[in-house]
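Asks: Handing you this structure, nothing more for now.
The values are calculated or read from the model by the stated rules, or taken from the named source; none is laboratory data. All values reported here derive from a predicted model rather than from experimental measurement. Please note: Cβ atoms are built from the backbone with ideal geometry, for glycine as well, and neighbour counts cover all protein chains shown. The area values use the complete protein model at the heavy-atom level, side chains included, leaving out ligands, DNA and RNA. Shrake-Rupley method; radii C 1.70, N 1.55, O 1.52, S 1.80 Å.
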Amino acid sequence: MSDQNPAREPRVPVFTEPGTLTPAVTDMWDRKRSWTLKTYRANGGYEGLARARRMAPDELVDLVKASNLRGRGGAGFPTGLKWSFLPAPDGLPRYLVVNADESEPGTCKDIPTIMANPQALIEGVAICSRAIGCDHAFIYLRGEVAHAYRRLLRAVAEAKDSGLLEDGFGLDGDRPLTITAHAGAGAYICGEETALLDSLEGRRGHPRLKPPFPAAQGLYARPTVINNVETISSLPGILARGPEWYSSMGTEKSKGHGIFSVSGHVAHPGQFEAPFGITMRELIALAGGVREGHELKFWVPGGSSTPIFGPEELDVPLDYESVAGAGSMLGTRALQVFDETVSVVRVVTRWTEFYQHESCGKCTPCREGTYWMRQIMLRLEAGRGLPGDVEKLEDIASNIAGRSFCALGDASATPILSGIKRFRAEFEAGYTTAAAELFPYAASAIVESAR
């Protein structure tokens with residue numbers, strides 16, 4: 001993808017036909033010292049903000065709507081529409097909160113973005129802040145990734161010291177923008193937007209009852225926009241090149257480009273930024289194929305919280321509608337690949353342990369259900385399953401799904417229900433035979449020292 005006329009204000013964007021890969025957010029990742037403001041500006045950084053400064057807030061919102069940018073945190077909600085839900089200004093503060101609490105097993109796109117090109121995120125924060133009349137934005141980051149936190153703090157300081165955030169923000173469009181990078185304590189539940197807000201306010205991270213929604217009463221009970229790192233980092237390209245450039249990529253309803261994180265049993269795991277609609281078969285080929293001498297057994301399209309796919313879904317277009325139509329969710333595009341050496345029971349057990357550990361305990365279905373699912377999964381993995389355990393798992397998971405306070409409960413139930421649906425015989429084998437005996441763990445190791 002290219003812009004043949006890199007003017008500051010492209011009136012009629014000129015671009016080539018999108019290819020298999022379309023690096024936009026990731027375009028600078030291989031540049032020398034890509035994380036610095038100097039390198040970012042030398043490669044066209046802050047041209048989008050310059051254009052945004054010449055536009056009224058309503059025009060900015062309409063431009064993002066026209067691009068058809070959708071949220072990249074998993075739900076895929078239209079970004080411009082989300083911004084438009086904020087009530088009319090009342091003279092009091094409104095906030096932008098960027099969700100960088102990347103925690104889903106397999107998800108690995110936001111932290112690399114912050115490490116390689118934090119200025120794209122900061123420019124996007126400035127663009128969004130101008131659109132919604134905000135003069136204080138927050139970036140909520142996982143506390144464990146101290147290296148990313150330090151880089152983000154340095155990037156914010158660079159942008160501030162350069163004068164890029166001095167004016168043009170707030171309800172009157174004449175205030176400086178303050179960006180606060182906040183390190184959380186490492187709770188997966190704080191990736192849920194309202195639990196994130198509670199944590200940011202200094203309370204224990206528990207999801208809130210909705211309504212009211214954050215757009216009406218969010219941070220400090222004020223109107224708040226909450227968006228994902230990748231969503232916000234996509235804004236500079238849209239502003240600099242135009243909404244037509246962005247919407248020329250992707251499918252009819254899933255426009256634009258996204259970062260697809262391919263991990264597991266492929267020759268070359270990594271990040272592949274491509275238009276929506278690319279297939280898993282294409283991505284596995286780009287990653288060098290399934291590791292030599294092995295074949296694909298199953299994969300997940302959006303992290304551990306999405307239903308399992310098999311080889312028969314390799315040609316499903318990876319866009320929100322097609323993946324949903326095939327029975328799963330695109331989520332955060334954390335594409336995990338597993339070959340025939342892998343025990344499904346072992347994988348689902350590890351995911352279940354994760355969800356049980358991360359349950360905040362606020363609601364009974366999730367708190368109690370994840371505990372009992374973990375106990376049963378550990379029995380089956382060890383080959384000590386009790387008669388009826390598989391049916392009991394289905395019953396417990398079905399009573400969590402759709403009945404918990406937030407989506408964590410649904411996430412915990414999904415791999416169990418989809419795993420049993422596709423590989424019931426493997427689960428039932430856990431009545432008599434340990435998973436390690438059926439699928440020796442050393443065989444699935446991707447590092448030689450782990451064999």
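Asks: So how much slack lies between residue 162 and residue 66, counting 0.36 nm per residue of separation and subtracting their Cα-Cα distance, in nm?
Replies: Difference between extended and current length: 31.4 nm.
Asks: Between segment 262-311 and segment 200-259, what's the alpha-carbon centroid distance in Å?
Replies: 26
Asks: When DSSP beta bridges are limited to those with both residues in the chain, what percentage is antiparallel, rounded to the nearest 5?
Replies: 45
Asks: Okay, next question. If you stretched the chain out fully between residue 154 and residue 180, how much longer would it get, using 0.36 nm times the residue separation minus the C-alpha to C-alpha distance?
Replies: So the chain would gain 8.2 nm between residue 154 and residue 180.
Asks: Could you derive backbone 3J(HN,Hα) for segment 175-184 from the dihedral phi with the Karplus parameters 6.51, -1.76 and 1.60 (θ = phi - 60°), listing whole Hz in sequence and x where the residue is Gly or Pro?
Replies: Per-residue couplings from phi come out as 10, x, 9, 9, 10, 9, 8, 10, 8, x Hz.
Asks: Please check the chain for the longest run free of chymotrypsin sites (Phe, Trp or Tyr not before Pro) that are loop-located per DSSP (anything but H, G, I, E, B) and have at most 16 other Cβ atoms within 10 Å.
Replies: Within the chain, the longest run free of exposed chymotrypsin sites (Phe, Trp or Tyr not before Pro) spans 86-430.
Asks: Can you list which of the DSSP-assigned H helices in the chain have a Cα extent of 15 Å or more along the long axis and an average Kyte-Doolittle score of at least -1.0?
Replies: For the chain, where a helix must reach 15 Å along its axis and average at least -1.0, the hits are 57-67, 118-132, 146-161, 344-358, 364-381, 389-400, 407-429.
Asks: Picking from 272, 238, 225, whose Cα lies most toward the positive end of the charge dipole for segment 188-278 (charges on Cβ: Lys, Arg +1; Asp, Glu -1)?
Replies: In segment 188-278, that residue is 225.
Asks: Please report, in whole Å³, the volume per residue of the convex hull around the C-alpha atoms of segment 357-397.
Replies: 56
Asks: Straight-line reach from residue 210: which aspartates and glutamates fall under 14 Å, measuring Cα to Cα and dropping same-chain residues less than 8 apart?
Replies: Within reach: 192, 193, 198.
Asks: Separate question: Using just the helices of the chain, give the 222 nm mean residue ellipticity in deg cm²/dmol: DSSP H runs with n ≥ 4 each add -39,500 (n - 2.57), and the total is spread over all residues, rounded to 500.
Replies: Per the formula, -11500 deg cm²/dmol.
Asks: If you don't mind, there's one more thing I want to ask. Any idea how far the Cα center of segment 392-439 sits from the one of segment 126-162, in Å?
Replies: Cα centroid of segment 392-439 versus Cα centroid of segment 126-162: 39 Å apart.
Asks: With point charges of +1 on the Cβ of Lys and Arg and -1 on the Cβ of Asp and Glu, referenced to the Cα centre of the chain, which listed residue (139, 171, 444) lies farthest in the positive direction of the dipole?
Replies: It is 171, whose Cα lies furthest towards the positive end.
Asks: Further question on the same structure: Out of the trypsin sites (Lys or Arg not before Pro) in segment 347-411, which ones are loop residues according to DSSP with at most 16 other C-beta atoms within 10 Å?
Replies: Here the sparse-neighbourhood loop sites are 384, 403.
Asks: Then there's this: Which of 82/255; 82/362; 109/421; 65/255 have a Cα-Cα distance over 19 Å?
Replies: Distance filter (> 19 Å) returns 82/362; 109/421.
Asks: While we're on this one: Could you compute how much accessible surface residue 82 exposes when probed at 1.4 Å, giving the result in Å² to the nearest 10?
Replies: Approximately 50 Å² for this residue.
Asks: Shifting gears a bit: Stokes-Einstein D for segment 224-357 at 37 °C, 0.692 mPa s, Kirkwood Rh over Cα pairs, in µm²/s?
Replies: The Stokes-Einstein estimate is 207 µm²/s.
Asks: Taking GluC sites (Glu not before Pro) as candidate sites, keep only those in a DSSP loop with at most 16 other Cβ atoms within 10 Å, then name the longest stretch of the chain containing none of them.
Replies: My reading of the result: 1-143 is the longest stretch.
Asks: Summarise the long-distance tail of P(r) for the chain by giving the % of C-alpha pairs beyond 42 Å.
Replies: Beyond 42 Å sits 16 percent of the P(r) for the chain.
Asks: Here's something else I'd like to know. Can you list the trypsin sites (Lys or Arg not before Pro) in segment 166-214 that are in a DSSP coil and have 10 or fewer other beta carbons within 10 angstrom?
Replies: In loop regions of segment 166-214 (DSSP not H, G, I, E or B), the sparsely surrounded trypsin sites (Lys or Arg not before Pro) are 203.
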